[in-house]
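In what follows, a single structure is set out as structure tokens and then discussed.
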Amino acid sequence: MKKMAILMAIILMFFSLQANAKTKFSNFLSHLEKVKTLEISFVQITEYDPELEEKDIYKGKIEYKRPAKFKWSYTKNSKIEIVSDGKTVWTCIPENNKLEKTSTEESMDYFPIIRILEYPQEFSKYFMLVSDAKFKDKIAYEITPKRKNVTYEKIIIIFKEDKPYPVSFQVINEDGSTITYIIEKWQENVKLPDTIFTINRCKVEAK
């Protein structure tokens with residue numbers, strides 16, 4: 001009888017931890033609805049083939065303003081700049097003297113971070129929360145896309161228990177490559193004038 005009581009206590013504690021983990025993520029999504037502007041500084045680690053253990057490391061910054069305006073620029077090891085004015089996304093690749101143009105909505109299929117920031121209230125329309133796991137002072141969430149035209153299989157978002165925002169995002173692609181964004185700064189509701197959402201690095205015509 002005593003063993004059964006202990007087992008039931010363990011089971012109840014397990015489900016309580018799961019409920020708390022899911023509550024943290026839902027609170028994060030609810031909080032994002034109140035975020036009008038956001039600045040994120042990140043370190044990006046790209047692994048093309050995990051078996052080869054080859055990594056490329058970059059630094060960059062995301063400046064985001066609702067609705068759907070963002071500037072994604074690299075500050076180390078790349079000069080790529082991606083800018084959305086809310087309708088159109090311009091991607092500048094100075095190394096190739098190339099400027100590409102796509103619609104903002106279409107581009108969000110390649111930038112799940114921006115998709116989550118822009119549509120937190122419609123998270124379940126675009127993503128499925130598959131699982132969560134707690135280790136030490138961190139909680140990891142595994143998320144899969146519902147749309148079929150994306151190139152990534154899942155996203156791992158990690159939070160620290162004492163922070164309301166993520167400490168890292170990892171995008172796992174269909175080819176096995178991964179892109180991990182380690183968040184160095186997350187600053188909400190800062191002043192971001194619309195004039196920053198312009199391309200500065202490419203001076204060629206769009207192709």
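Residues being basic (K, R) and surrounded by 15 or more Cβ atoms within 10 Å (Cβ to Cβ) are represented in the range 110-123 by at least one member. Comparison of I139, I114 shows that the only residue that is of a type outside the set (G, A, S) and closer than 21 Å to I62 by Cβ is I114.
Each residue in the range 153-179 was checked for being in contact (Cβ under 8 Å) with a residue 40 or more places away in the chain and over 24 Å from E39 (Cβ atoms), and 3 of them qualify. Scanning the range 41-93 for residues that are open to solvent by less than 70 Å² (accessible area, probe 1.4 Å), under 14 Å from I196 (Cβ atoms) and of a type in the set (A, V, I, L, M, F, W, C) yields I62, F70, W72, I82, V83.
Of all residue pairs spaced 6 or more apart or on separate chains, those with beta-carbon atoms under 7 Å, a first member in the range 117-129 that is among the aromatic types (F, W, Y) and a second member that is outside any helix (DSSP H, G or I) are Y126/Y119; Y126/P145; Y126/K146; Y126/R147; F127/I143; F127/T144; F127/P145; F127/K146.
Within the range 118-163, the set of residues being in a strand (DSSP E or B) and among the hydroxyl-bearing types (S, T, Y) comprises S131, Y141, T144, Y152.
Taking the criterion of being open to solvent by 40 Å² or more (accessible area, probe 1.4 Å) and farther than 18 Å from K24 by Cβ, the residues of the range 141-161 that qualify are K146, R147, K148, N149, T151, E153, K154.
A count restricted to the range 99-155 and to residues that are closer than 20 Å to V83 by Cβ, in contact with a strand residue (DSSP E or B) (Cβ under 6 Å, 6 or more places away or on another chain) and of a type in the set (D, E) stands at 1. Among all residues of the range 162-180, there is at least one that is open to solvent by 40 Å² or more (accessible area, probe 1.4 Å), at pLDDT below 95 and hydroxyl-bearing (S, T, Y).
Of F14, F28, all but one fail to be open to solvent by 90 Å² or more (accessible area, probe 1.4 Å), hydrophobic (A, V, I, L, M, F, W, C) and either at pLDDT below 95 or not in a loop (DSSP other than H, G, I, E, B) (or both); the exception is F14.
The values are calculated or read from the model by the stated rules, or taken from the named source; none is laboratory data. All values derive from a computational prediction rather than experimental measurement. Ideal geometry is used to build each Cβ from the backbone, glycine not excepted, and the neighbour counts take in all protein chains shown. Accessible surface areas use protein heavy atoms only, side chains included; no ligands, DNA or RNA. Shrake-Rupley method; radii C 1.70, N 1.55, O 1.52, S 1.80 Å.
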